[in-house]
Amino acid sequence: MNILYVMRYWPVYGGGETITVTLANEFVKRGHSVYVVYTYDKSCNPMPYSISPAINSQKMHTIEKYCASDVEKLQSYVVDNGIDVIINQWGSTKLCRLAIRQTKCKLITCWHLDVLPKVRAPHDIKEKIVNAIFRKRVYARYVHWRQMRDHNLNYKLSDKYVFLSHSFLREYVSLTHLKPDKEKLGAIPNPLTYTYDYDFNDYGKKKKQVLFVGRIFEYHKRLSYILRIWKQIEIDGRYSDWKLVIVGDGPDMHQTKQFSTELGLEQISFEGFRDPRQYYLESALFMMTSAFEGFGMTLVEAQQYGTVPIAMDSYKSLHDILQDKVNGIVVPDNDIDCFVKELKQLMDDKEKRKQLAMKGSETCRRFSVDSIATQWESFFNTLIDGK
């Protein structure tokens with residue numbers, strides 16, 4: 001089968017690119033031909049993962065504000081390479097649909113976040129005007145209306161519209177004014193990006209270290225919450241042998257470091273963009289305070305390496321990964337005091353940490369790339385062969 005991924009960035013940017021590479025590599029191993037088209041080059045040195053040389057990539061316009069020549073280029077690429085199915089990860093659904101007219105190619109569009117992500121401050125001129133005139137409540141309704149408009153367009157133009165969790169799928173069905181054909185909807189979680197089984201004979205080598213891995217972007221990841229939580233840990237005085245490690249980079253790195261300085265944090269390290277695997281291996285605990293997520297891959301990566309995640313209950317698919325006090329800890333969204341309490345309890349109890357870590361190592365295996373790729377192949381076969 002010939003599979004085409006439509007991306008915004010390639011080959012490195014965030015979780016979406018990592019997941020795409022993971023699945024693309026697996027599909028190549030299974031005998032499929034995989035192609036990628038993208039708009040923006042984005043790479044780093046060293047690369048955080050390897051990409052099969054059998055994957056063909058081509059830079060072209062894949063996003064909104066396209067023109068007729070962009071449609072023609074994508075259509076020619078689809079026809080010339082005999083593409084059977086497009087997986088639209090971050091491109092324009094309209095552009096993809098126009099490009100496959102008069103072909104047998106099928107279109108799968110993916111949604112990678114909450115159905116209705118939390119409303120942030122207005123950032124373009126239209127949003128600022130609406131917010132200035134109608135204020136916060138009406139502005140929020142406007143943002144949600146626009147989001148549902150985009151969802152409905154994706155649904156109408158795609159042969160399959162795929163969410164990361166059945167909880168998101170059900171939410172979309174409950175919110176849309178359409179009466180969607182449930183055969184056109186689907187849900188597949190992200191796969192584990194690493195092939196690794198943690199050896200719990202080495203658990204004694206874990207450091208007294210709490211880890212964050214992710215993009216340094218306050219609106220999304222709420223690093224300020226993590227720093228405020230850690231301030232309470234340092235104030236306590238009993239945890240002077242523990243350290244907070246921040247792995248990642250992003251547009252808000254400067255202000256995050258500045259806030260750390262203002263808080264007077266001492267037991268903290270900013271590592272920048274790094275391969276996180278060694279940090280997972282060394283760390284006992286992992287923190288997530290995101291305002292929203294689509295899936296939260298760093299949670300299952302932490303579990304895979306025997307690291308216990310503690311996360312705020314800010315998005316529905318969190319519960320696909322974590323069962324509170326079974327394979328991790330879930331605290332109410334925005335409740336910093338509760339987070340501090342749960343964090344201290346685990347820092348004090350090594351046996352409890354190990355118990356949760358062992359269960360997490362077991363439960364995360366259901367997200368293996370083999371399992372997730374098989375689910376994708378089932379979608380392909382249903383769309384193309386009607387099986």
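Within the chain, what is the longest stretch that has no GluC sites (Glu not before Pro) placed in a DSSP loop and near at most 16 other beta-carbon atoms within 10 Å?
The longest such stretch corresponds to 65-265.
Can you bin every Cα-Cα distance in region 200-366 into 10 Å intervals starting at zero and give me the percent of pairs per bin, rounded to whole numbers?
11, 44, 39, 7, 0
Could you tell me which of V85, M358, L175 has its Cα farthest along the dipole of the chain towards the positive end, charges placed at Cβ (Lys, Arg +1; Asp, Glu -1), taken about the Cα centre?
Farthest towards the positive pole: L175.
Along Cα→Cβ, 7 Å out, is where each label goes; now give me the distance between the ones at S269 and R366 in nm to one decimal.
About 3.5 nm, to one decimal.
Working out 0.36 nm times the residue gap between T374 and D202, then minus their Cα-Cα distance, what length gain in nm do you get to one decimal? Spell out each step's value before the answer.
Details: separation 172, 0.36 × 172 = 61.92 nm, distance 3.23 nm.
Full extension of this stretch gives 58.7 nm more.
Starting with the fewest neighbours, write out I55, I384 ranked by other beta-carbon atoms found within 10 Å of each beta-carbon.
I384, I55
How about region 1-67: which trypsin sites (Lys or Arg not before Pro) there are in a DSSP loop, with at most 14 other Cβ atoms within 10 Å of their Cβ?
Here the sparse-neighbourhood loop sites are R30, K65.
Per the helix-only calculation at 222 nm, which mean residue ellipticity applies to the chain, given -39500 (n - 2.57) for every DSSP H run of n ≥ 4 and division by its residues, nearest 500 deg cm²/dmol?
So the calculated ellipticity at 222 nm is -13500 deg cm²/dmol.
At 0.36 nm per residue, minus the direct Cα-Cα distance, what do N56 and K94 gain on full extension? Give it in nm, one decimal, please.
Stretched out fully, the N56 to K94 stretch lengthens by 11.4 nm.
Would you list which lysines come within 23 Å of K184, measuring only between C-alpha atoms, while excluding same-chain residues fewer than 8 positions from it?
The reachable lysines, counting only those whose Cα sits under 23 Å from K184, are K94, K104, K106, K156, K160, K316, K387.
Under 10 Å, Cα contacts only: if you run a Gaussian network model on the chain, which one of V138, V162, V173 comes out with the highest mean-square fluctuation?
So, out of V138, V162, V173, the one fluctuating most is V138.
When Rg/Rh (Cα atoms, Kirkwood Rh) is calculated directly from the model, which label among (1) 0.98; (2) 1.39; (3) 1.00 fits?
(1)
Computed from the coordinates by the stated procedures, all read-outs in this text should not be read as laboratory data. Being a predicted model, the structure only gives us computed values, none of them experimental. Reconstructed Cβ throughout: ideal geometry from the backbone, glycine too, with neighbour counts over all protein chains shown.
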